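The values are calculated or read from the model by the stated rules, or taken from the named source; none is laboratory data. Fair warning: this is a prediction, and the values are worked out from it, not measured in the lab. Cβ placement follows ideal geometry from the backbone for every residue including glycine, while neighbour counts extend to all protein chains displayed. Each accessible area value is taken on the protein alone, full model and side chains, heavy atoms only, with ligands, DNA and RNA left out. Shrake-Rupley method; radii C 1.70, N 1.55, O 1.52, S 1.80 Å.
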Amino acid sequence: TFCQDYKDKGFNFRFKLKNEGIWPAIAIGINDIAGTGFYSSEYIVGSYGINRSDFHFGIGWGALDGSKHKFNNPLSYIYNGFNNRPERFVGRGGQFQPGRYFSGKTASPFFGLSHAINKNLLFKLEYDSTFTPGRMGYEIPKEDFSYGIEYSFRDNFTVGFSRERGNY
C-alpha cells in the first residue's frame, strides 16, 4: 500500500513586492497555506538578471528549511515568537495556520541560476533546501543540487532534461 492519507489540495500564495531595477526583484510566498502542515513552507526570494543570466537567492522556512547550511531565523530578531513553529499537524488539511508562517528556530538558504546559451537553449542550476525527512515515503537526498537544460522549439513548446537532487 501507498501512503495516501495526506494528499490534499496545495494552495500556494506568492506576491511580488518589488520589480527588478537597480536592485533585485523581491517576492514573498507561502506554500500549502491551508494544508495539514506536512508540506508547508514560506520564503522570501530576490532575483536579478544580468545579460543572458538570471540569478535568484532566497531564505526558506518550514519544508524549505532542510539545508546543511541553516542559520538562526532572522525574523526572531524582530519578534521572539518567530522562533516557535508548531510541530503538530492539523487534521486532514484545509485549515489556515498563521502561527506556522515564517517561523522556526532556523531558516535555510536556497539559490539558483539560469543561463541562456542562445535563444532556444537554457541551462539551469539550483541548490534546493527542501526538507524531506522520509516521513511520507520520501528518501533523504544525498545531494542538494539539481541541474538541467531546456530547449524551446517554439514559444509554446519546450523540452527539458534534468538531474533532480536526490540519491545519485
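Figures for the structure shown
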{"quantity": "Residues within the stretch 46-59 that are of a type outside the set (S, T, N, Q), over 17 Å from residue 16 (Cβ atoms) and open to solvent by less than 60 Å² (accessible area, probe 1.4 Å), tallied", "calculated": "0"}
{"quantity": "Complete set of residues in the stretch 25-43 that are open to solvent by less than 30 Å² (accessible area, probe 1.4 Å) and under 11 Å from the mean Cα position of the chain (by Cα)", "calculated": "29, 30, 40, 41, 42"}
{"quantity": "Residue 100 vs. criteria at pLDDT below 95 and buried (at least 16 other Cβ atoms within 10 Å of the Cβ)", "calculated": "yes"}
{"quantity": "Residue list for the stretch 21-36, filter: touching a strand residue (DSSP E or B) at 6+ places or on another chain (Cβ under 6 Å) and touching a residue at least 24 places away in the same chain (Cβ under 8 Å)", "calculated": "24, 30, 31, 33"}
{"quantity": "From the options 126, 87, residue that is at pLDDT 80 or above, under 20 Å from the mean Cα position of the chain (by Cα) and of a type in the set (Asp, Glu)", "calculated": "126"}
{"quantity": "Residue check, residue 116 surrounded by 12 or more Cβ atoms within 10 Å (Cβ to Cβ), within 16 Å of residue 68 (Cβ to Cβ) and modelled with pLDDT of 90 or more", "calculated": "no"}
